[in-house]
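Have a look at the structure below before the remarks.
The values are calculated or read from the model by the stated rules, or taken from the named source; none is laboratory data. This is a predicted model, so every value here is computed, not measured. A quick note on method: Cβ atoms are made from the backbone with ideal geometry, for glycine too, and the neighbour counts reach across all protein chains shown.
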Amino acid sequence: MAAQTEESDTAREQIKAEQDVDQVRQRAARDQQRLDSGAVTSPKDLENLQREITSLAKRQGDLEDVVLEVMERRESAQERVAELTERVTSVQSKIDDATTRRDAAFEQIDGEIATATKEREVIAGSIPADLLKLYDKLRGQQGGVGAAKLYARSCQGCRQELAITELAEIRKAAPDTVIRCENCRRILVRTSESGL
């Protein structure tokens, strides 16, 4: 945007400088016509007219130098605008690509969520209501994880190793007994890898 503003500012500056040159050129042409027409007969007026024509020629040269300098700055600004526009296009292309990939990932995740939700409903139907209620309560309290695997004598929810006395009690408990971690209070899921 700054480069575009600079380019438009130099464009206006160039137009103004070119108009200034045209005004000087037109005035010099009028003065030259008066001089050539012979309408001015007084030597003093002729000398003043010639001096003015010379002064206007110098002024025109100075203004043309200004026009050239402004044109060079404008060309530089146009190149910068073109370069930045190309970079913006490239970045926008990358954004569009990332957005497409993100949307595809969201779609896949939504599909996985729908499948997991259906599977959960089926499994939840086979779990006693009081255990499911406890699990849902713990899930809400523990950041979405209400049960954790007991692996190698450690709770995988809080990553704490259980005390020897606690492990002894878990070994004695019946397979259908609900066991909870003393540290995080999650339901512990016992497997062959529990280290009991």
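Could you grab me the full set of residues in region 160-196 that are in contact (Cβ under 8 Å) with a residue 12 or more places away in the chain and among the acidic types (D, E)?
Once the filter is applied, which keeps residues that are in contact (Cβ under 8 Å) with a residue 12 or more places away in the chain and among the acidic types (D, E), region 160-196 yields E166, E182, E193.
All but one of (1) free of Cβ contacts under 8 Å to residues at least 40 places away in the same chain; (2) under 21 Å from R186 (Cβ atoms); (3) over 31 Å from the mean Cα position of the chain (by Cα) hold for V122; state the number of the condition that does not hold.
With respect to (1) free of Cβ contacts under 8 Å to residues at least 40 places away in the same chain; (2) under 21 Å from R186 (Cβ atoms); (3) over 31 Å from the mean Cα position of the chain (by Cα), V122 is out only on (2).
Would you be able to say whether some residue in region 22-34 is touching an Asp or Glu at 6+ places or on another chain (Cβ under 7 Å) and surrounded by 15 or more Cβ atoms within 10 Å (Cβ to Cβ)?
yes
What about R80, is it without any contact (Cβ under 8 Å) to a residue 12 or more places away in the chain and either of a type in the set (S, T, Y) or part of a helix (DSSP H, G or I) (or both)? Full working, then the answer.
On the way: without any contact (Cβ under 8 Å) to a residue 12 or more places away in the chain: no; either of a type in the set (S, T, Y) or part of a helix (DSSP H, G or I) (or both): yes.
In short, no.
Conditions tested, residue by residue: (1) assigned to a loop (DSSP other than H, G, I, E, B); (2) without any contact (Cβ under 8 Å) to a residue 24 or more places away in the chain; (3) of a type in the set (K, R).
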residue	(1), (2), (3)
T89	no, yes, no
R101	no, yes, yes
F106	no, yes, no
A114	no, yes, no
R139	no, yes, yes
C158	yes, no, no
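This table checks each residue for (1) among the acidic types (D, E); (2) modelled with pLDDT under 95; (3) under 29 Å from the mean Cα position of the chain (by Cα).
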| position | (1), (2), (3) |
| --- | --- |
| E7 | yes, yes, yes |
| K16 | no, yes, no |
| V21 | no, yes, no |
| V40 | no, yes, no |
| Q60 | no, yes, no |
| K94 | no, no, yes |
